[in-house]
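The structure follows.
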Amino acid sequence: MEHPRDRKVGLGFDDRYLQHNAGEYLIGYRERFPFAEPVPHLSSPAILGRAKHLIDLHGLSRLMIPIGTREATDDELALYHTEGHIHKVREVGKQGGDTGVGAPIGPGGDVIARLAVGGVIEGVNAVFTGEVHHALCLVRPPGHHAMSDQGMGFCTFGNVAIAARYAQQAHGAKRVAILDWDVHHGNGTQDAFYEDPSVLFVSIHQQDLFPPVGWGSLDQIGEGAGEGTTINIPLPAGSGNPTYFAAMNEIVIPAIRAFGPDLILVSAGQDASVMDPLGRMSLTTAAYRVMTGLMRDLADEVCDSRLVIALEGGYSDIYAPYCTAAIAEGLVTGIGGFSPVTEPYGSRAETMPATRAIGLDARAALDAAREAHAAHLADAPEPEPAVDESSAVPR
């Protein structure tokens, strides 16, 4: 399906997301660093504000249709979360504190967390009503680590998991596909649908990074009726753009195509970037632009263009905003003029080995993932050859 200039792209944003206050960054989530000045939490709303600024500055937002946000209701939160967790977040929001394990909010943070869920839900509403073909939801706090009964890893509620369930209940979606390209494994989202054959969960992540134990391995493929609808693609540190492109073309796209969803959701973390303090995957802005374009084209092909991209992690103060702007660029390309998003990493972004070739370790990881999930890949292309990284020297 082609949507050149009539393609409609939505942008969900609310100034209240910039009030998300995770407080100080703590050792083991509990103790202050022994420095004279407090260390601010890495989940900074300033990063989101800079991303929105860049999207405006490059003329991207004028090509996008604003999508409203609202607080998710208790019933909507209960599509995944327990009554106890919903109550706890409300209580913690009165004074601020941790909503689980390393998922802090400030006073009033319960409302902002509900707005994050509601923002992704409104993106789903917009693509199903035909208001837009695709939606980019600039939400905070993130959500893919949140478990049913507790927050985790900076995430309070499962924004994307709840939106998937909402799409099924409110819009009759029979099948929903979720791609999570955050550098950390989306354990909460996997948990939500591990026994559910109606939701495909695919995660590309740095192997054994976070959560530190027991999540994201190749042998986690779902259970019971859901066996085969969880696809994990753990990759070695430093994999870089070509490896991610190969993962998309060889595994992600064939798996989603075979699944035949009515909606594609993307948990879009920018913490696999070359400058992120919490990841080591060396992606540049080009990776986010290309991956977005691939998912946009796939949505056109398999689900009447319905694609909703929601922000997850991304902790480089200066680089993550450019990656988010590159995602917006990937969505609006072809529907009007704009200023191309700058690559702040400079020429090194194109000359470092991780950008130029798939290394031997990365190729081995991709091959293992292809073998583990072979039964669920439709028309997967032949794998790209690996190269000895020692020979991939800068030009």
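Could you say which residue among R90, R50, R70, R62 is within 30 Å of A126 (Cβ to Cβ), among the basic types (K, R) and part of a loop (DSSP other than H, G, I, E, B)? Spell out how you get there, then give the answer.
Details: R90 fails: part of a loop (DSSP other than H, G, I, E, B); R50 fails: part of a loop (DSSP other than H, G, I, E, B); R62 fails: part of a loop (DSSP other than H, G, I, E, B).
It is R70.
A quick yes/no check of all residues on (1) over 21 Å from H144 (Cβ atoms); (2) in contact with a His (Cβ under 9 Å, 6 or more places away or on another chain); (3) surrounded by fewer than 24 Cβ atoms within 10 Å (Cβ to Cβ); (4) among the aromatic types (F, W, Y):
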residue	(1), (2), (3), (4)
L265	no, no, no, no
A268	no, no, no, no
D271	no, yes, no, no
D276	no, no, yes, no
R280	no, no, yes, no
A286	yes, no, yes, no
L294	no, no, yes, no
D304	yes, yes, yes, no
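Hey, can you tell me all the residues within the range 7-41 that are farther than 13 Å from G109 by Cβ, hydroxyl-bearing (S, T, Y) and in contact (Cβ under 8 Å) with a residue 24 or more places away in the chain? Don't jump to the end; show me each part of the working.
Taking the range 7-41 first, the residues farther than 13 Å from G109 by Cβ are 7-15, 24-40.
Those left that are additionally hydroxyl-bearing (S, T, Y): 25, 29.
The answer is Y29, and nothing else.
Which residues, counting only those in the range 1-22, are at pLDDT 95 or above and out of contact with any Gly (no Cβ under 6 Å at 6 or more places or on another chain)?
Of the residues in the range 1-22, the ones at pLDDT 95 or above are 8-22.
K8, V9, G10, L11, F13, D14, D15, R16, Y17, Q19, H20, A22, listed by residue number.
Sort out which residues of the range 304-329 are part of a helix (DSSP H, G or I) and among the β-branched types (V, I, T), and write them in order of number. Let's see the steps before the verdict.
Of the range 304-329, the ones part of a helix (DSSP H, G or I) are 320-329.
Of everything in the range 304-329, those that are part of a helix (DSSP H, G or I) and among the β-branched types (V, I, T) turn out to be T324, I327.
Another question about this same structure. Out of all the residues in the range 205-223, which are without any contact (Cβ under 8 Å) to a residue 60 or more places away in the chain, at negative phi and either surrounded by fewer than 20 Cβ atoms within 10 Å (Cβ to Cβ) or among the β-branched types (V, I, T) (or both)?
P212, V213, S217, E223 - these are the residues of the range 205-223 that are without any contact (Cβ under 8 Å) to a residue 60 or more places away in the chain, at negative phi and either surrounded by fewer than 20 Cβ atoms within 10 Å (Cβ to Cβ) or among the β-branched types (V, I, T) (or both).
Checking the structure you have, find out if any residue of the range 231-239 is part of a strand (DSSP E or B), closer than 24 Å to K174 by Cβ, in contact with a strand residue (DSSP E or B) (Cβ under 9 Å, 6 or more places away or on another chain) and of a type outside the set (G, A, S).
Of all residues in the range 231-239, those part of a strand (DSSP E or B) come to 231-235.
Restricting the remaining residues to those that are closer than 24 Å to K174 by Cβ gives 231-232.
Remaining after also requiring in contact with a strand residue (DSSP E or B) (Cβ under 9 Å, 6 or more places away or on another chain): 231-232.
Restricting the remaining residues to those that are of a type outside the set (G, A, S) gives 231-232.
The answer is yes; a qualifying residue exists.
Within the set of pairs 6+ apart or on separate chains, which have a first residue in the range 192-203 that is closer than 11 Å to P261 by Cα, a second that is at pLDDT 95 or above and small (G, A, S), and C-beta atoms under 7 Å apart?
Pairs found: V199/A164; L200/A177; L200/A255.
The values are calculated or read from the model by the stated rules, or taken from the named source; none is laboratory data. Not measured: the values here are computed from a predicted model. Positions of Cβ are backbone-derived with ideal geometry, glycine not excepted, and every protein chain shown enters the neighbour counts.
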